[in-house]
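Reading through the C-alpha cells given below for one structure.
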Amino acid sequence: MKTTEETTAGGGDVRLTGISKTYGDFTAVHPLDLTVPEGSFFALLGASGCGKTTTLRMIAGLEEPTAGTVHLGDQDVTALPPYKRPVNTVFQSYALFPHLDIYENVAFGLRRRGIKSVKKQVEEMLELVQLGEQARKKPHQLSGGQQQRVAVARALINHPKVLLLDEPLGALDLKLRRQMQLELKRIQTEVGITFVHVTHDQEEAMTMADCVAVMNAGRVEQLGTPADLYENPRTTFVANFLGTSNFIGAEVDSTSGDDIVLKAGGGKLVLHRARASAPATTGGKILAGVRPEKISLTHADDAGGIPEGRNRITGRITESSFIGVSTQFVVDSPVCPDFEVYVQNVDRDARLVPGAEVVLHWNPAHTFGLDAAQDVDAGVGTAEEEVA
Amino acid sequence: MAFVTWFKRNVVVIAGLLTLAYLLLPNVVVTVFSFNRPKGRFNYQWQEFSTDAWRDPCGVSGLCESLGLSLQIAFWATLGATLLGTMIAFALVRYRFRARGAVNSLIFLPMAMPEVVMAASLLTLFLNMGAELGFWTVLIAHIMFCLSFVVVAVKARVMSMDPRLEQAAQDLYAGPVQTFLRVTLPIAAPGIAAGALLAFALSFDDFIITNFNAGSTVTFPMFVWGSAQRGTPVQINVIGTAMFVVAVLLVLVSMAVGNRRKRQKA
C-alpha cells in the first residue's frame, strides 16, 4: 500500500510480514503481508472460517503465528505475550468481567499497569461512551448495546496503539448495530487510534472502514477503499461478496486504444482496458461484470431512443419486485439467464412487467473485466449464511 | 366446601411446610433434649428443664478433646481436598490430555463405592504399608473421599466460565498470576466455596471410614458412638445444637451481606 512508503517512522502502523497459522493439517491463515496505516479504520472482511479472527488474534498475541512477524510501528512484538503488547481488544461477546462492576471493568487495564489515580480517567471514558450513570452496575444489568460500549471503553482507556475489534456488533439487533457503527466511527475519529475491525458484514465494513481487506480461505483476496473494492473488484469472490454482480462470459474480439471489444452472445460489449484485471488477448476469454444499479432498462419498443456508444443486451423480464426506492428486476438474456437490474423509481414504465421484452444498456465505463478461469458464484450468499 | 377451596389454594404451601417439618424435626429434638436433666445415664426421656449441660459443655471427659480433633481434621481435610480438587477440576476442564476421559470417570468412583468397603480396604492398605493408625491415616482417608465432591462442585463452575474472560484480562495487561488472582479465582470462588463446605461437612461427621482407620484416636462421631453404648451425656446434644446454630448463623450472615451488596449496586 501507498501509505507504507510514506510513513517510514510508522508509530502506530501494524505490519504483518509473512504471517501464517496452521492447526495440524488445517491452514487457517496462509502466509500473508498486510500493513494497516496509523490512525486508519481498517476492516478485515470475510465469511466465517476465512481466517480473519485468527489474524486479529495474532496481532493481539492471543494466537501464536506459525510463521512470520508482527510489527507495531518499529517494534517487533511477535514474541511478546498479550499483556505486554500496546494493543487492546474488544471481544465478540465483550468478555466483561462478571464479578466486577462497570467502573472496575473499565479501570482494570489501568490498575494492572500500576496506575493509582484512575478515577478521573475512568469517569471521562464512561462519559465518552455515555455510561456515566451506570458505573456501579454489574455487566449483566446492562443491555447488549451498553455492554458493547463498556467493552470499547475498557479497551480504549489504555490508549492502545491499535484497537482490535472482533465482530463487536455481531450480537446486536439491526437497528442498534447501525447506531453503534456510527458511534464507533465517531469515537475513532475523536481518539485517532488505529482500529482493526473484523466483520462478516460487508455493509458494516463499507460504512465504517477507510480501508478493507477482503479475506477468503485464509488469504487476502483484495485490499482497498470500500469504493475501490466495490467499483473495481479483481475477483468474482470480491464482486459477489460486496454487493451483487452480473457476469457475462465473453471472448475478446479486438482491442483498440484504451478499449477492449468483447463478443458475447452475438452482440458486442466494450470494456475499458484500465478496468480489466485479467490480460486481454484477442480470442481469449474474459468475464465481463456489471453492477445491477448501473444498468438502465428500456422497453424493446423504445430501443431506438438508446444513445449510441452504450453496451446493450436484450432479454425478457422474468421477475420484478418493488422495494420502494427502487424496483429489482431479473432479466433472462442470451448471455446470462438471471441478469439483475435495479431501477430507481423515478418515472415508472408500466410496461416493464414480467414477460416484457427489454433492452439493458449501460455506460461501458461501468464494465469490469475479470479472469474467466474463476467460479462465477464464488462468494455468493456466504455473508447471508453466516448471519442466519 | 370452603375448606376444600382453601386447601386447594394452599396445598403447595402445606406440602412445603410438612417437608420442612420433616427435615427439621430431628434438629428440634436434639435442641430440646440439650436442656434435659435425665435420670440415669441415658438422655432418651424428658425429665425436667435444665441448663446444666450448656453451662458445662466439656463436663464429660474426652468429649471436648474429640471435638477439637474432629474440627482439626475437618479443617486440614477441607484445605487439602479443596486445593487438590480445584486443581484437578481446572485440569479436567481446561486441558486436553491423554486419559482425560478415564480420569473424569475415575474421579467419581470413590463416591460410588460403598463406604464400609472402602473403609475396610483402606485399613488393609494401611496395615500392609505398616502405617501407624491415628491422626494422619484419618486425614489421608478424609482428603481422599472429600476430593471427588470438591472436583464435582468446582468443575461445574469452571465449565460455565468463558475462557475469553482470561484472554481479556491478559489483553488488559494482567500477567498469568494477576489473571488468576483477579479474574479466574474470583469467578470460580463460589464453586470452590461450595466444594469446601461440602468437604468440611463430610469430614466432620464421617464415622465409618474414620472408625476403621483411627487406631486409638477418637473423633467426635466416634466419641458419640462409643458413649451411646454406656449412656448418652446431654453435652452431645449441646455440641450438636451449637453446630446447628453456627451453621444457621453463617447462612444468615452471608445472605444479609449478599442482600446489602445487591442493594448498594442497584
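The values are calculated or read from the model by the stated rules, or taken from the named source; none is laboratory data. Keep in mind it's a predicted model, so treat the numbers as computed, not measured. Cβ atoms come from the backbone with ideal geometry, glycine included; neighbour counts cover every protein chain shown.
When you look at A:S48, is it more than 13 Å from every other protein chain (Cβ to nearest Cβ), surrounded by fewer than 21 Cβ atoms within 10 Å (Cβ to Cβ), touching a helix residue (DSSP H, G or I) at 6+ places or on another chain (Cβ under 9 Å) and of a type in the set (G, A, S), yes or no?
For A:S48, the condition - more than 13 Å from every other protein chain (Cβ to nearest Cβ), surrounded by fewer than 21 Cβ atoms within 10 Å (Cβ to Cβ), touching a helix residue (DSSP H, G or I) at 6+ places or on another chain (Cβ under 9 Å) and of a type in the set (G, A, S) - is met.
Give the residue, chosen from A:E190, A:E204, that is surrounded by fewer than 23 Cβ atoms within 10 Å (Cβ to Cβ) and within 21 Å of A:G144 (Cα to Cα).
Only one candidate passes the filter, namely A:E204.
In the stretch A:62-84, what residues are at the interface with chain B (Cβ under 8 Å from one of its Cβ atoms) and either among the small types (G, A, S) or under 25 Å from A:Q147 (Cα atoms) (or both)?
Hits for the stretch A:62-84 are A:L62, A:P82, A:Y83.
From the list A:A107, A:A95, A:A79, A:A47, which one is of a type in the set (G, A, S), assigned by TED's automatic domain parsing to the domain that holds A:A171 and within 14 Å of A:G218 (Cα to Cα)?
The match here is A:A47.
Out of contact with any Gly (no Cβ under 7 Å at 6 or more places or on another chain), outside the structural domain of A:Y23 (by TED's automatic domain parsing) and touching a residue at least 24 places away in the same chain (Cβ under 8 Å): is that true of A:L242 in this structure?
The answer is yes for A:L242.
Of all residues in the stretch A:142-162, how many are part of a helix (DSSP H, G or I) and within 11 Å of chain B (Cβ to nearest Cβ)?
Total satisfying the criteria: 3.
Kindly evaluate B:A189 against the criterion of being out of contact with any Gly (no Cβ under 8 Å at 6 or more places or on another chain), more than 30 Å from B:T210 (Cβ to Cβ) and within 11 Å of chain A (Cβ to nearest Cβ).
Judged against the criteria, B:A189 is not a match.
What number of residues in the stretch A:129-141 are surrounded by fewer than 20 Cβ atoms within 10 Å (Cβ to Cβ) and away from every other protein chain (no Cβ under 12 Å)?
Final tally of qualifying residues: 3.
Can you tell me which residue within the stretch A:198-246, out of those that are acidic (D, E) and outside any loop (DSSP other than H, G, I, E, B), is farthest from A:G51 (Cα to Cα)?
Only one residue fits best here, namely A:E231.
In the stretch A:287-298, is there at least one residue being over 20 Å from A:T236 (Cβ atoms), modelled with pLDDT of 90 or more and loosely packed, with under 13 Cβ neighbours inside 10 Å?
no
For A:L34, which of the numbered conditions (1) within 14 Å of another protein chain (Cβ to nearest Cβ); (2) out of contact with any Pro (no Cβ under 9 Å at 6 or more places or on another chain) fails to hold?
Of everything listed in (1) within 14 Å of another protein chain (Cβ to nearest Cβ); (2) out of contact with any Pro (no Cβ under 9 Å at 6 or more places or on another chain), A:L34 misses just condition (1).
Among (1) crowded, with 16+ Cβ neighbours inside 10 Å; (2) within 30 Å of A:F41 (Cα to Cα), there is one condition A:T225 misses while meeting the rest; what is its number?
For A:T225, the failing item is (1).
If you go through the stretch A:164-172 one residue at a time, do you hit one that is in the same structural domain as A:S93 (by TED's automatic domain parsing), over 25 Å from A:M58 (Cβ atoms) and of a type in the set (D, E)?
Within the stretch A:164-172 (the criterion being in the same structural domain as A:S93 (by TED's automatic domain parsing), over 25 Å from A:M58 (Cβ atoms) and of a type in the set (D, E)), the answer is no, since none of the residues qualifies.
Out of all the residues in the stretch A:95-106, which are surrounded by fewer than 23 Cβ atoms within 10 Å (Cβ to Cβ) and more than 7 Å from chain B (Cβ to nearest Cβ)?
A:L100, A:Y103, A:E104
Residues are listed down the side, and each one gets a yes or a no for (1) closer than 17 Å to B:P190 by Cα; (2) touching a Lys or Arg at 6+ places or on another chain (Cβ under 9 Å); (3) surrounded by 12 or more Cβ atoms within 10 Å (Cβ to Cβ):
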site: B:L84; (1), (2), (3): yes, no, yes
site: B:M87; (1), (2), (3): yes, no, yes
site: B:L109; (1), (2), (3): no, no, no
site: B:A112; (1), (2), (3): no, no, no
site: B:V116; (1), (2), (3): no, no, yes
site: B:T124; (1), (2), (3): no, no, no
site: B:R157; (1), (2), (3): yes, no, yes
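Among the residues of the stretch B:194-208, count how many are acidic (D, E) and surrounded by 19 or more Cβ atoms within 10 Å (Cβ to Cβ).
1
So, in the stretch A:77-115, how many residues would count as being in contact (Cβ under 8 Å) with a residue 60 or more places away in the chain and among the hydrophobic types (A, V, I, L, M, F, W, C)?
Residues that pass the stated criteria total 3.
Looking at (1) closer than 24 Å to A:R113 by Cα; (2) within 14 Å of chain B (Cβ to nearest Cβ), which one does A:T54 not meet, given that it meets all the others?
(1)
Test of understanding: among A:L56, A:L34, which residue is within 30 Å of A:G145 (Cβ to Cβ) and at pLDDT 90 or above?
A:L56
Rundown of residues vs (1) small (G, A, S); (2) farther than 30 Å from A:T281 by Cα; (3) at pLDDT below 90, yes/no style:
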residue: A:R310; (1), (2), (3): no, no, no
residue: A:F322; (1), (2), (3): no, yes, no
residue: A:P334; (1), (2), (3): no, no, yes
residue: A:F339; (1), (2), (3): no, no, no
residue: A:R348; (1), (2), (3): no, yes, yes
residue: A:L370; (1), (2), (3): no, no, no
residue: A:D375; (1), (2), (3): no, no, yes
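Sort out which residues of the stretch A:110-123 are within 14 Å of chain B (Cβ to nearest Cβ) and over 34 Å from the mean Cα position of the chain (by Cα), and write them in order of number.
Those that are within 14 Å of chain B (Cβ to nearest Cβ) and over 34 Å from the mean Cα position of the chain (by Cα): A:R111, A:R112, A:R113, A:G114, A:I115, A:V118.
Please state which of the following conditions A:L126 fails to meet, knowing it meets all the rest: (1) more than 11 Å from chain B (Cβ to nearest Cβ); (2) at positive phi.
If we test A:L126 against (1) more than 11 Å from chain B (Cβ to nearest Cβ); (2) at positive phi, just (2) comes out false.
Take B:R100 and decide whether it is among the charged types (D, E, K, R), more than 30 Å from A:V152 (Cα to Cα) and within 14 Å of another protein chain (Cβ to nearest Cβ).
No, not satisfied.
Cβ contacts < 7 Å: first residue within 11 Å of B:F145 (Cα to Cα), restricted to the stretch B:192-217; second residue of a type in the set (D, E, K, R) and part of a helix (DSSP H, G or I), any location; separation 6+ or different chain. Result?
B:I209/B:E115
Select from the stretch B:158-186 the residues that are charged (D, E, K, R) and either touching a strand residue (DSSP E or B) at 6+ places or on another chain (Cβ under 7 Å) or more than 7 Å from chain A (Cβ to nearest Cβ) (or both) and list them in ascending order.
Result: B:E166, B:D171, B:R182.
For residues in the stretch B:85-139 being of a type in the set (G, A, S) and in a loop (DSSP other than H, G, I, E, B), which is nearest to B:E166 (Cα to Cα)?
Only one residue fits best here, namely B:A99.
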